[in-house]
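In what follows, a structure is listed as structure tokens, so that the remarks can point back to it.
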Amino acid sequence: MQKNLELRDVCSLTSTKKFNRCRSFHFRYLELCRSKNLTPLPDIRTKNNATSMLDFFGEKLGVTDWLLIIEALYYDQVLQTLSIRL
């Protein structure tokens, strides 16, 4: 009986990590780019391990780039810091 409880705890922890990952900006942004056959911005793609922070230069972004970023931000529940530089 105790073994089943431990296994259940591990499964719940794994599913929580997957659930949080799906709510992260970086995961959602890459998913949106893939679905629209667009190349992710290098500044955002290379920093995908820093899930609680987003820092990029916004001066050269096009409308499509901003729309993807805004949609990914809408679904995010993980970011703690957002920095957009010029």
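Considering only protein heavy atoms, what is the solvent-accessible area of D65 at a probe of 1.4 Å, reported in Å² to the nearest 10?
Its heavy atoms expose roughly 40 Å² to the probe.
Bin width 10 Å, origin at 0, all Cα-Cα pairs of the stretch 31-86: what percent of pairs per bin?
20, 63, 16
Where does the charge balance sit around I84 when Lys and Arg score +1, Asp and Glu -1, over other residues with C-beta under 13 Å from its C-beta?
Neighbourhood net charge equals -2.
The values are calculated or read from the model by the stated rules, or taken from the named source; none is laboratory data. Because the structure is a prediction, the values reported are computed rather than measured. Note: ideal-geometry Cβ built from the backbone for every residue, glycine included; neighbour counts use all protein chains shown. What goes into the accessible areas is simple: the full protein's heavy atoms, side chains included, and nothing from ligands, DNA or RNA. Shrake-Rupley method; radii C 1.70, N 1.55, O 1.52, S 1.80 Å.
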